[in-house]
Amino acid sequence: MLALSKPVMQHFPFTKSSCKASTLCPAIPLIDLSKPDAETLIINACEGFGFFKVINHVVPLEFISRLEAEAFKFFSLPLPEKEQAGPPCPFGYGNKSIGPNGDVGWVEYLLFTANQESNVQRFVSAKNPENFSVALNDYISAVKKMACEILELMAEGLKIQQKNVFSKLLIDEQSDSVFRLNHYPPCPDIQVLNGSSSNMIGFGEHTDPQIISVLRSNNTTGLQISLKDGSWISVPPDQNSFFINVGDSLQVLTNGRFKSVKHRVLANSLKSRVSMIYFGGPPLNEKIAPLPSLMKGHEQSLYKEFTWFEYKKSAYSSRLADNRLMHFEKIVAS
């Protein structure tokens with residue numbers, strides 16, 4: 001039983017893929033966290049793509065498979081049961097509507113806080129909410145640990161003396177981090193409605209406003225990232241690995257050296273896709289500005305200083321595809 005009603009063309013955006021068979025698309029950067037060159041490769045990936053894949057990570061595969069199983073159990077429930085866990089204000093179950101500003105997609109989702117143990121029983125009407133809660137908290141704890149290790153490798157690669165300059169923002173008890181489970185049901189009507197060259201948007205193009213995002217999905221295609229020239233490339237799925245996104249806040253902290261990656265998800269006509277995303281955010285009162293240690297010579301800051309609360313409020317009052325950082329950029333005299 002599908003969670004979503006049949007697609008209605010006027011409500012769901014469509015797009016055409018940018019990569020053609022004759023186009024040589026660049027490979028997604030691959031980082032082996034067990035290798036000594038990991039920090040250098042991470043810096044290169046953050047500067048060139050704002051995105052990379054990690055292998056040989058510390059997250060137990062058991063945690064991954066257990067949470068995925070619980071997610072599929074929940075999303076396979078009848079829609080009225082799932083809707084008892086919503087709407088997401090800000091946490092809970094959502095269906096098709098993404099945020100309060102009119103964005104929609106072929107997706108249903110669960111949103112949780114990630115800076116403390118999530119009480120799943122409050123809004124998940126599962127048969128065994130305790131099992132869901134344990135699976136969720138074990139997974140978040142392990143992924144948060146990996147995210148902090150990656151952020152410390154970034155600091156080392158940038159030659160920053162304070163190794164935990166980024167990771168401390170996630171470790172802080174007041175860290176405003178979020179965890180999201182997305183489910184993209186099969187959409188068999190895509191080709192019937194639009195022809196084989198078109199795709200229905202599961203989740204529209206956007207950047208993530210936080211510091212870092214850690215994504216894992218099952219073996220179903222759909223994720224795409226945008227390159228510097230504006231073209232889109234598909235990210236091959238790998239259920240045992242993780243994908244890392246540079247967020248807007250990290251772009252600001254590095255004064256634009258790292259690039260926040262624009263990404264989107266296309267619906268699949270045959271297979272269900274489940275993704276799990278940890279969004280590592282700073283405390284609400286944390287001031288975000290380029291780190292002085294990264295400013296070379298007379299280099300000027302490209303961004304105005306702001307708190308995470310100010311940026312979050314601005315970001316979540318905009319549409320997905322908007323350039324959210326534009327309002328915080330400085331006009332630097334040449």
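Some observations on this one:
- Close pairs from the range 94-113: first free of Cβ contacts under 8 Å to residues at least 60 places away in the same chain, partner open to solvent by less than 30 Å² (accessible area, probe 1.4 Å) and outside any loop (DSSP other than H, G, I, E, B), Cβ under 6 Å, at least 6 apart: Gly94/Tyr109
- Enumeration of residues in the range 197-227 that are in contact (Cβ under 8 Å) with a residue 40 or more places away in the chain and in a loop (DSSP other than H, G, I, E, B): Ser197, Thr207, Asp208, Pro209, Gln210, Ile211, Asn218, Thr220, Thr221, Gly222, Leu227
- Contacts under 6 angstrom Cβ, first residue in the range 289-318 being closer than 16 Å to Glu329 by Cα, partner hydroxyl-bearing (Ser, Thr, Tyr) and open to solvent by less than 60 Å² (accessible area, probe 1.4 Å), 6 or more apart: Pro290/Ser301
- Tallying residues that are within 15 Å of Met276 (Cα to Cα) and either among the charged types (D, E, K, R) or open to solvent by 30 Å² or more (accessible area, probe 1.4 Å) (or both) within the range 73-84 yields 1.
- Count - residues of the range 141-189 that are open to solvent by 10 Å² or more (accessible area, probe 1.4 Å) and among the β-branched types (Val, Ile, Thr): 4
- Within the range 110-128, considering residues that are open to solvent by less than 70 Å² (accessible area, probe 1.4 Å) and assigned to a loop (DSSP other than H, G, I, E, B), the one modelled with the highest pLDDT: Ala114
- Applying the set (1) of a type outside the set (Asp, Glu); (2) outside any strand (DSSP E or B); (3) surrounded by 18 or more Cβ atoms within 10 Å (Cβ to Cβ) to Val265 leaves exactly one unmet item: (2).
- Taking residues in the range 162-180 that are farther than 10 Å from Gln210 by Cβ and β-branched (Val, Ile, Thr), and partners anywhere that are modelled with pLDDT of 95 or more and open to solvent by less than 60 Å² (accessible area, probe 1.4 Å), the pairs with Cβ atoms closer than 6 Å and at least 6 places apart or on different chains are Val165/Ala155.
- Applying the condition of being surrounded by 21 or more Cβ atoms within 10 Å (Cβ to Cβ) and touching a Lys or Arg at 6+ places or on another chain (Cβ under 6 Å) to the range 218-245 and asking which residue is nearest to Leu320 (Cα to Cα) yields Gln224.
- Looking only at the range 289-325, residues that are closer than 20 Å to Pro100 by Cβ and open to solvent by 100 Å² or more (accessible area, probe 1.4 Å) come to 4 in all.
- Number of positions in the range 73-100 that are part of a loop (DSSP other than H, G, I, E, B) and of a type in the set (A, V, I, L, M, F, W, C): 4
- Residues that are in a helix (DSSP H, G or I) and not charged (D, E, K, R) within the range 229-259 comprise Ser249, Leu250, Gln251, Val252, Leu253, listed in sequence order.
- Complete set of residues in the range 32-72 that are outside any helix (DSSP H, G or I), open to solvent by less than 70 Å² (accessible area, probe 1.4 Å) and without any contact (Cβ under 8 Å) to a residue 60 or more places away in the chain: Asp32
- Condition broken by Glu286, with the remaining ones in (1) over 13 Å from Asp248 (Cβ atoms); (2) at pLDDT 95 or above; (3) open to solvent by 70 Å² or more (accessible area, probe 1.4 Å) satisfied: (3)
- The residues listed here are Asn164, Asn131, Asn137; of these, the one that is in a helix (DSSP H, G or I) and more than 19 Å from the chain's Cα centre (by Cα) is Asn131.
- Qualifying position, being modelled with pLDDT under 95 and either under 16 Å from the mean Cα position of the chain (by Cα) or among the acidic types (Asp, Glu) (or both), among Gly102, Gly202: Gly202
The values are calculated or read from the model by the stated rules, or taken from the named source; none is laboratory data. Keep in mind that what you see is a predicted model, and the values were worked out from it rather than measured. Backbone-built Cβ (ideal geometry, glycine too); neighbour counts: all protein chains shown. Just the protein is used for accessible areas: all its heavy atoms, side chains included, with ligands, DNA and RNA removed. Shrake-Rupley method; radii C 1.70, N 1.55, O 1.52, S 1.80 Å.
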